[in-house]
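Some notes on the structure that comes next.
The values are calculated or read from the model by the stated rules, or taken from the named source; none is laboratory data. All of these numbers come straight from a predicted model, not from anything done at the bench. Please note: Cβ atoms are built from the backbone with ideal geometry, for glycine as well, and neighbour counts cover all protein chains shown. Protein only, heavy atoms only, side chains kept; ligands, DNA and RNA dropped before computing areas. Shrake-Rupley method; radii C 1.70, N 1.55, O 1.52, S 1.80 Å.
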Amino acid sequence: QLPLVESGGGSVQSGGSLGLSCSAPGGTWQYYAIGWFRQAPGKERERVSCISRFGDSAMYDDSVKGRFTVTRDNSKNMVYLQMDSLKPEDSGVYYCAARRIVCSATPSEFHHWGQGTQVTVSR
C-alpha cells in the first residue's frame, strides 16, 4: 500500500487561490501517475487533474483548465495542485490518488488514495 497524504485545504472567497500538496514515503514514488479528484455533497467523485510519473504531461477537467496547475517534484516525493480563480462550484473534498505508470480519468483505476482535504469557496 501507498500511504498518500493530502494537505493545504481551507476556506477562501470566490476568486481566491489555494495550493494543495500530496505526498507518500518510500522509493517507488516515480512509478506512479498522481491524480486529483474531488467530491461535493450529494455528487459523484469527479476527476480534476492528473500528472504523469515524470511530470512531463498533465490532464485537466474542462471545468478547471486555465485555472488549476498540477506539478510534481519526485526528489521530494511531492505533487502539487495550484488552484487559482476559485469558484463556489469548486468546493468539495479533494483527494489525491496513485495509479501505476500512466494517468486515467476513472477513479476505480486508482488503487491508492489519500484521506482527502476540504476546500470551501464562498461567494
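Against the definition (more than 16 Å from the chain's Cα centre (by Cα), open to solvent by 40 Å² or more (accessible area, probe 1.4 Å) and in contact (Cβ under 8 Å) with a residue 12 or more places away in the chain), how does Q39 come out, yes or no?
In short, no.
If you scan segment 5-32, which residues turn out to be within 11 Å of the chain's Cα centre (by Cα) and open to solvent by less than 20 Å² (accessible area, probe 1.4 Å)?
Residues satisfying the conditions are E6, L20, C22.
Of the residues that sit in segment 72-123 and are among the hydroxyl-bearing types (S, T, Y) and closer than 11 Å to L20 by Cβ, which one is least open to solvent (accessible area, probe 1.4 Å)? First the steps, then the outcome.
Taking segment 72-123 and keeping what is among the hydroxyl-bearing types (S, T, Y), we get 75, 80, 85, 91, 94-95, 104, 106, 108, 117, 120, 122.
If we keep only those that are closer than 11 Å to L20 by Cβ as well, we get 80, 94-95, 117.
On the way: Y80: 76, Y94: 0, Y95: 36, T117: 19 Å².
Restricting to residues being among the hydroxyl-bearing types (S, T, Y) and closer than 11 Å to L20 by Cβ, the top hit is Y94.
Return the total of residues in segment 47-71 being exposed (fewer than 15 other Cβ atoms within 10 Å of the Cβ), closer than 19 Å to G8 by Cβ and among the charged types (D, E, K, R). Give the derivation first.
First, the residues of segment 47-71 that are exposed (fewer than 15 other Cβ atoms within 10 Å of the Cβ): 54, 56-57, 62-63, 65-66, 71.
Add one more test, that the residue is closer than 19 Å to G8 by Cβ, and what stays is 71.
Add one more test, that the residue is among the charged types (D, E, K, R), and what stays is none.
Counting residues in segment 47-71 that are exposed (fewer than 15 other Cβ atoms within 10 Å of the Cβ), closer than 19 Å to G8 by Cβ and among the charged types (D, E, K, R) gives 0.
Regarding G92, is this residue under 11 Å from the mean Cα position of the chain (by Cα), in contact (Cβ under 8 Å) with a residue 40 or more places away in the chain and under 24 Å from P3 (Cα atoms)? Give the steps one after another, and end with the answer.
Values: under 11 Å from the mean Cα position of the chain (by Cα): no; in contact (Cβ under 8 Å) with a residue 40 or more places away in the chain: yes; under 24 Å from P3 (Cα atoms): yes.
Considered against the rule, which asks whether it is under 11 Å from the mean Cα position of the chain (by Cα), in contact (Cβ under 8 Å) with a residue 40 or more places away in the chain and under 24 Å from P3 (Cα atoms), G92 comes out as no.
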